[in-house]
Amino acid sequence: MSAPKVSFYTLGCKLNFSETSTIARSFREAGYVRSELEDKPEVVVINTCSVTENADKKCRSLVNKVLKSNPSTFIAIIGCYAQLKPEEIAAISGVDLVLGASEKFNLVNFIKQQKQLAEVHSCEIEQVYDFKPSYNSDDRTRTFFKVQDGCDYTCSFCTIPLARGKSRSASVKDTVNEALSLCEGNKVKEIVLTGVNTGDFGRHNGESFLDLIRELDARVPVERFRISSIEPNLLNNDIIDFVATSNKFVPHFHIPLQSGCDATLKRMRRRYLRDVYKSRVEKIKNTMPDACIGVDVIVGFPGETDEEFMETFEFIHSLDISYLHVFTYSERDNTHAVGLPNPVPAHVRALRSKQLHQLSEKKKRAFYESQIGVPATVLWEAERDGDFMYGFTSNYIKVKALFNPDMINCMQEIIPVQVDADGICTCLLPDRETNKTVIFDHVPNH
């Protein structure tokens, strides 16, 4: 008798990907084989996001896709959308099981052999106290390592505290031990620290995020650590100074801004104003001139006038940052913002999003061009596109080279020499035979 098959789909953030991988390992331990949808798996797990309305629609679309491929597949829905609206998901035709925030890591134990009416297992989010460390192990180049979950903030647009509960984390000791464990038997070269509010790590344990990164840096045998995202009010000078002197933590920060207008930030219930954000960027660039800084920003928040949007645009334009993640505001149930007056018309939201995407492209290209001729270390990935392979430098410059399977998951010294039309850097590479640097300037004939 062949082993049962299971497929996974993950929507949303890096945190979800790390949790999906942890849940997948529990299925493997229970005798399942991970497969693609085309192999008609007995079980399909959809790990959902609910940051935007579009994420909800993606979940429904995936359910339909699964049923078209194999109508008898057992479909389990987990994640943020499942915690927020379990009954709504259970009503979707074909869904068999819906698990909330505290139950999802016990998914294997909930799987039933016979299909019934969709079952919902979910508790009130206030009852979720446990922290479950997670990491993905299906990418040998890097792993996303969850070190924190939940959020105590009450930003007026956000459903995450409703979906994931209060901020919580393990101790520094336990987190370091988990990091040591994930390195055993894995050839991972880079660990990305993830969380809902990563910088809040340890606060309820009398510890701090700085305590954690110091111990990880000292004890875990990995070549790189990267911080996925950290709130500006939690990114203090001590953290910045530590990263600047660390041999393992890379000079790359992703810092949510959301708005460059103080009036909008106050309506959003953010815990800082723009001067704080500006000081963080200046501190990073003064300490690490080649550092990459990514920025989250929301357009079309209720009450955002043309003048307020331009204040955000000009503020971001003035900052020495590297790229933007632009989100268009969407109304979410049970948030304070949904009841605010003066909603921004959809076509205006779309126009503002386009303007900031264009600004992001200009910022990114300027940052890449500032790194031309600057020696860097790239970690090559398994991704292949035609004749090329890709990788990222420590400060998050994407570079390309002719595909060489021997270089996958290898660190290599390179020199970026130009930004191509696709926005990716061509680089000088050491020739393995002569040890001289060479540049590929054509695709070989086939």
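Inspection of segment 129-141 finds no residue satisfying the criterion of being crowded, with 17+ Cβ neighbours inside 10 Å, among the hydrophobic types (A, V, I, L, M, F, W, C) and touching a Leu at 6+ places or on another chain (Cβ under 6 Å). When every residue of segment 289-299 is checked against the conditions, none turns out to be part of a helix (DSSP H, G or I) and buried (at least 20 other Cβ atoms within 10 Å of the Cβ).
Of all positions in segment 174-184, none carries a residue that is surrounded by 21 or more Cβ atoms within 10 Å (Cβ to Cβ), out of contact with any Leu (no Cβ under 6 Å at 6 or more places or on another chain) and assigned to a loop (DSSP other than H, G, I, E, B).
A Cβ distance below 7 Å, combined with a sequence gap of six or more or placement on separate chains, defines the contacts here; from segment 223-245, residues that are assigned by TED's automatic domain parsing to the domain that holds ASP200 and under 23 Å from LEU324 (Cβ atoms) reach residues that are of a type in the set (A, V, I, L, M, F, W, C) and part of a loop (DSSP other than H, G, I, E, B) in the pairs ARG226/VAL250.
Scanning segment 339-379 for residues that are in a helix (DSSP H, G or I), more than 14 Å from THR393 (Cβ to Cβ) and polar (S, T, N, Q) yields SER353, GLN355, GLN358, SER360. Looking across segment 185-210, just one residue is under 22 Å from TYR396 (Cα atoms), in contact with a helix residue (DSSP H, G or I) (Cβ under 6 Å, 6 or more places away or on another chain) and in a loop (DSSP other than H, G, I, E, B), and that is VAL196.
When restricted to residues that are within 27 Å of the chain's Cα centre (by Cα), aliphatic (A, V, I, L, M), surrounded by fewer than 15 Cβ atoms within 10 Å (Cβ to Cβ) and not in a strand (DSSP E or B), segment 25-45 contains 0. Can you spot a residue in segment 262-284 that is among the charged types (D, E, K, R), in a loop (DSSP other than H, G, I, E, B) and in contact with a Phe, Trp or Tyr (Cβ under 7 Å, 6 or more places away or on another chain)? Looking through segment 262-284, at least one residue is among the charged types (D, E, K, R), in a loop (DSSP other than H, G, I, E, B) and in contact with a Phe, Trp or Tyr (Cβ under 7 Å, 6 or more places away or on another chain). Residue pairs whose Cβ atoms lie under 6 Å apart, separated by 6 or more positions or on different chains, with the first residue in segment 299-311 and free of Cβ contacts under 8 Å to residues at least 40 places away in the same chain and the second of a type in the set (Gly, Ala, Ser), do not occur. Annotation: of all residues in segment 4-24 being in contact (Cβ under 8 Å) with a residue 60 or more places away in the chain and of a type in the set (D, E, K, R), the one that is surrounded by the fewest Cβ atoms within 10 Å (Cβ to Cβ) is LYS14.
Listed here are the residues, each with its yes/no results for (1) aromatic (Phe, Trp, Tyr); (2) assigned to a helix (DSSP H, G or I).
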| site | (1), (2) |
| --- | --- |
| LEU212 | no, yes |
| LEU216 | no, yes |
| LEU235 | no, no |
| PHE253 | yes, no |
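The values are calculated or read from the model by the stated rules, or taken from the named source; none is laboratory data. What you see is a predicted model; the values in this text were computed from it and never measured. Using ideal geometry, Cβ is built from the backbone for each residue, glycine included, and neighbour counts are taken over all protein chains shown.
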